[in-house]
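See structure below.
Derivation of every value follows stated rules applied to the coordinates shown; laboratory data play no part. Given the structure is predicted, the values throughout are model-derived calculations rather than measurements. Cβ sites come from the backbone with ideal geometry, for glycine too, and all protein chains shown count toward neighbours.
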Amino acid sequence: MTHAFDKGYWEQIWQGDRAPAMAAAGANPHLVREVDDLTPGTALEAGCGAGAEAIWLAARGWRVTAADVAAGALARAADRAAAAGVAGRVRWVEADLSTWQPPVRYDLVTTHYAHPAMPQLDFYERVASWVAPGGTLFIVGHLQHHDRHATAGHGHDHGPGGHDRGPDGGPGHGHDGGPGAGETGPPAAASVTAADITARLDPAGWEIVTAQESRRTVTGPGGHPVTLHDVVVRARRRR
């Protein structure tokens, strides 16, 4: 199954029956582990969906710009931020991140399971250009792997059009070109390795802090365990 992953596609997703579960997700556990030790500054969440990561960062003192192409996702995100008491620390931007250019660079740029309407690694290189000198790039993506049966039935929370999240903070199901009933794994175009990503980061300009590939289990539909294969890269732009 193929999709354009454009604005129309993501707006439809965020008006669908899975949107409430997607919007209930918590912050990605890799972000919580890797970024909690950084000194808060300015942050950009690329493909923010319903805002879980942006809200988590704002609650810890970051001044966050959160961008997504889907107005429906941003409306839910703004409501969540207000409920969390951090509305004043997050700026929500409706934008196609394959063409949008931010007006400034940021101390932290993050993206989680993003699958834009452009080649995956080109997207990661694009968002890396938005990191300020001395700042941090943090990527969580779908790991390229061959064990498709292990991921049967799980989807993924793509951006920059939107995130397809389940209520456990893991991926949601079947709305983004990822699996629904009878489908397996994220689309190959969305899957990379840590080496794929770090190869796009010039060692003269970047220090690789974390380049990790992992497997974790979350609770899927009906309480069934689902295995997620993640690639996690954290890099610091040299001054």
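The modelled label-to-label distance between residue 91 and residue 224, using points 7 Å beyond Cα along the C-beta direction, is 4.5 nm. Taking label points 7 Å from Cα along the Cα-to-Cβ direction, residue 15 and residue 199 give a separation of 4.1 nm.
Spin-label pair residue 210-residue 83: with each label point 7 Å from Cα along the Cα-Cβ axis, the two points sit 2.7 nm from one another.
The length gained on full extension between residue 100 and residue 60, counted as 0.36 nm times the residue separation minus their Cα-Cα distance, comes to 11.7 nm. If the segment from residue 125 to residue 75 were pulled out straight at 0.36 nm per residue, it would be longer than the present Cα-Cα gap by 15.2 nm.
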